[in-house]
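Everything below concerns the one structure shown next.
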Amino acid sequence: MALSVPAFAEHLGLDLDPWQREFLSSSSKRILLNCSRQSGKSTMAAILALHTALYRPGSLVLCLAPSERQAKETYAKVSEAYHTLQGSQAPASDRKLGMHLPNHSRIEALPGSEKTIRGFSGAALLLLDEASRIDDALYHATRPMLAVSGGRLVMLSSPYGRRGVFFEEWTSGEEWERYEIPATSCPRISPEFLEAERAALPGWVFRQEYMCSFESTDEQAFSLDLIESAFSPDVTPLVFDDLEDAS
């Protein structure tokens, strides 16, 4: 009998937080996880990836991340969970960045480049880990993979500035189910630790890493708020027909 995703996670020995149970119970096709560091978001994504591959024979699950190192970390969680299962058959193929299961499903972890994912199609599940740091071109290249399969797309990350597809979809996307999990909602992160971090880090870094806040980074010469404040709906913009008019 097929286990639900939360029951599958508990079968693997995980004690789920309320938000994790809600996320794993969701049937939404498009999900955004805006989560504090160390909140367990990557582990939950790995559980969802493995459950999809096991209970949908012949399916393709893609786990994408900005770098090969991050892709390996995501895949390591999937592999560890699979090998934890009692009585699980040895994978038909088990590599550092992917496995083929006996039921003909595939799980592939790929570093974040638009070029690395072309050629894959019909994904049952697309996971974009550290989504705030992926290139826009990668995100745009992933979406057509779901056109025929009707698969799911999950983007998970802590924020990284007020730009890029993760920020844009979080603030203005219309198709997403959203989860915001600050560190204060994670029982494994103590209030004492957070207070020490608050004292040690610049305010915007603390808010970004632990409180799910999209902050202007120190790489920006002008903050987004400052740029937006320079525009007024009461002023008609100048429009030039050609360069001679502007001279």
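Could you list, in sequence order, all residues of region 56-80 that are of a type in the set (Val, Ile, Thr) and in a helix (DSSP H, G or I)? Write out each step before concluding.
Initially, region 56-80 is screened for residues of a type in the set (Val, Ile, Thr), giving 61, 74, 78.
If the condition is that a residue be of a type in the set (Val, Ile, Thr) and in a helix (DSSP H, G or I), then Thr74, Val78 are the ones that fit.
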Do the conditions hold for Ser27, that is, is it closer than 17 Å to Ala123 by Cα, among the polar types (S, T, N, Q) and in a loop (DSSP other than H, G, I, E, B)?
-> yes
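What do you reckon, is Ala53 assigned to a loop (DSSP other than H, G, I, E, B), farther than 24 Å from Cys186 by Cα and of a type in the set (A, V, I, L, M, F, W, C)?
no
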Using beta carbons and a limit of 6 Å, which pairs, at least six apart or on different chains, have the first residue in region 133-145 and in contact (Cβ under 8 Å) with a residue 12 or more places away in the chain and the second one in a loop (DSSP other than H, G, I, E, B) and loosely packed, with under 14 Cβ neighbours inside 10 Å?
-> Met145/Ser121
Please determine, by comparing only the residues of region 48-81 that are more than 18 Å from Leu110 (Cβ to Cβ) and not hydrophobic (A, V, I, L, M, F, W, C), which one is modelled with the lowest pLDDT.
-> Glu80
Region 125-163: number of residues that are charged (D, E, K, R) and either more than 23 Å from Leu50 (Cβ to Cβ) or surrounded by fewer than 19 Cβ atoms within 10 Å (Cβ to Cβ) (or both) | 6
Could we say that Ser232 is over 22 Å from Gly112 (Cα atoms), assigned to a loop (DSSP other than H, G, I, E, B), modelled with pLDDT of 95 or more and among the hydroxyl-bearing types (Ser, Thr, Tyr) here?
-> no
Identify the residue in region 28-46 that is among the hydroxyl-bearing types (Ser, Thr, Tyr) and within 16 Å of Ala9 (Cβ to Cβ) and, among all such residues, is surrounded by the fewest Cβ atoms within 10 Å (Cβ to Cβ).
-> Thr43
Output the residues belonging to region 164-175 that are surrounded by fewer than 16 Cβ atoms within 10 Å (Cβ to Cβ) and not acidic (Asp, Glu).
-> Thr171, Ser172, Gly173
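The values are calculated or read from the model by the stated rules, or taken from the named source; none is laboratory data. Remember, it's a predicted structure, so these values are computed and weren't measured experimentally. Note that each Cβ is placed from the backbone with ideal geometry, even for glycine, and that neighbours are counted across all protein chains shown.
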